[in-house]
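A.B. asks: Below: one structure in structure tokens.
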Amino acid sequence: MREDDSAADPAARTDHAARPDRAASTDEPGEPLSLARLLVSTGLAVVTLVLGVAALGYWLRAPLMAVGGSFVERFGGPGVAIGFAVPDAFTIPVPNDTFLALGLAGGMSDSALIGWGTLGSLVGGSAGFGLGRLLRGTRRLQRFFRGRGAAIDQALRRHGVKIVAIAAVTPLPYSISAWAAGASTMRYRTFAAVSLLRVFRVMASLYLIRLGLAVSS
């Protein structure tokens, strides 16, 4: 079968509107994506990250440095990578920016944090893509894409790899875009190439964390 980077495989995604599934998820479908909502969520994410780090730096700087030092001593760069890989693979609500903050507080260099964070994110995204490809014919994944993953899934079917690029650098869940890409006919090499944009997301997050700490000093 010829692959298309921007279209989903209709054989792989059963139309459950035509074939009702009694076990269908009761989760509410996600709201359709819109540029205005994405811009607002990006702005809120930036403000929340800076203010959150500033608050920690102002009231809990000593404990933050102590925990960061312990984290780096025990786990080092691989700990940062795992902190990015797991949320980006399994769509769990763990903010990977936390691990950048811990690494920074523990004395890791910017280049090490960016390198390990990007590596972990790419590994996690690749795992998510693989899981999407493996599970794309299952009812469980179909239920997910009718619920929490509906908005990104539908946008990816319409716009293809552009959605992966947007998710790589904005608060749009990159993990869900990875699953949706894997469940479509997108080539892995296309997904992987666009996912390299994650480095800019890591760099931006690190800059904002530094900004928050500077504000609190």
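The values are calculated or read from the model by the stated rules, or taken from the named source; none is laboratory data. Nothing here was measured: the structure is a model prediction, and the numbers come from that model. Please note: Cβ atoms are built from the backbone with ideal geometry, for glycine as well, and neighbour counts cover all protein chains shown.
A.B. asks: Given Leu51, Leu38, Leu113, Leu131, which one is farther than 29 Å from Val161 by Cβ, among the aliphatic types (A, V, I, L, M) and under 23 Å from the mean Cα position of the chain (by Cα)? Before you say what the answer is, go through the steps one by one.
C.D. replies: Details: Leu38 fails: farther than 29 Å from Val161 by Cβ; Leu113 fails: farther than 29 Å from Val161 by Cβ; Leu131 fails: farther than 29 Å from Val161 by Cβ.
None of the other options fit; the residue is Leu51.
A.B. asks: Could you check Gly124 against (1) touching a Pro at 6+ places or on another chain (Cβ under 9 Å); (2) modelled with pLDDT of 95 or more; (3) closer than 26 Å to Ala66 by Cβ and say which number it fails?
C.D. replies: All conditions pass for Gly124, except number (3).
A.B. asks: Suppose we keep only residues that are aliphatic (A, V, I, L, M) and more than 19 Å from Pro87 (Cα to Cα) within segment 164-194. Which one would you say is surrounded by the fewest Cβ atoms within 10 Å (Cβ to Cβ)?
C.D. replies: Narrowing segment 164-194 to residues aliphatic (A, V, I, L, M): 164-169, 172, 176, 178, 180-181, 183, 186, 192-194.
Adding the requirement that they be more than 19 Å from Pro87 (Cα to Cα) leaves 186, 193.
On the way: Met186: 26, Ala193: 13.
Filtering first and then ranking leaves Ala193.
A.B. asks: Collect the residues in segment 89-119 that are on the phi > 0 side of the Ramachandran plot and in contact with a Pro (Cβ under 7 Å, 6 or more places away or on another chain), keeping them in residue-number order.
C.D. replies: Of all residues in segment 89-119, those on the phi > 0 side of the Ramachandran plot come to 91, 107.
Result: Thr91, single match.
Each row is one residue, and each column tells you yes or no for (1) in contact (Cβ under 8 Å) with a residue 60 or more places away in the chain; (2) surrounded by 22 or more Cβ atoms within 10 Å (Cβ to Cβ).
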| position | (1), (2) |
| --- | --- |
| Gly115 | no, no |
| Gly132 | no, yes |
| Phe144 | yes, yes |
| Ala151 | yes, no |
| Gln154 | yes, no |
| Arg157 | yes, no |
| Val161 | yes, no |
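A.B. asks: If you don't mind, another one. Quick check on my filter: what residues within segment 119-130 are farther than 17 Å from Val94 by Cβ and buried (at least 21 other Cβ atoms within 10 Å of the Cβ)?
C.D. replies: Hit for segment 119-130 is Phe129, nothing else.
A.B. asks: Among the residues of segment 141-162, count how many are assigned to a helix (DSSP H, G or I) and either within 16 Å of Ser175 (Cβ to Cβ) or hydroxyl-bearing (Ser, Thr, Tyr) (or both).
C.D. replies: We begin by selecting, within segment 141-162, every residue assigned to a helix (DSSP H, G or I); these are 141-146, 150-159, 161-162.
Keeping just the survivors that are either within 16 Å of Ser175 (Cβ to Cβ) or hydroxyl-bearing (Ser, Thr, Tyr) (or both) gives 141, 144-145, 150-153, 155-156.
Of the residues in segment 141-162, 9 are assigned to a helix (DSSP H, G or I) and either within 16 Å of Ser175 (Cβ to Cβ) or hydroxyl-bearing (Ser, Thr, Tyr) (or both).
A.B. asks: Could you check, for segment 181-191, whether at least one of its residues is in a helix (DSSP H, G or I), closer than 29 Å to Val47 by Cβ and under 16 Å from the mean Cα position of the chain (by Cα)? Quick ask: steps written out before the conclusion?
C.D. replies: Step one: list which residues in segment 181-191 are in a helix (DSSP H, G or I), which gives 181-183, 188-191.
Then drop every residue that is not closer than 29 Å to Val47 by Cβ, which leaves none.
No, there is no match, as no residue in segment 181-191 is in a helix (DSSP H, G or I), closer than 29 Å to Val47 by Cβ and under 16 Å from the mean Cα position of the chain (by Cα).
A.B. asks: How many residues, within segment 91-118, are β-branched (Val, Ile, Thr), more than 15 Å from Leu64 (Cβ to Cβ) and in a helix (DSSP H, G or I)? Steps first, answer last, please.
C.D. replies: Filtering segment 91-118 down to residues β-branched (Val, Ile, Thr) leaves 91-92, 94, 98, 114, 118.
Going one step further and asking which of them are more than 15 Å from Leu64 (Cβ to Cβ), we end up with 91-92, 94, 114, 118.
Keeping just the survivors that are in a helix (DSSP H, G or I) gives 114, 118.
Of the residues in that region, 2 qualify.
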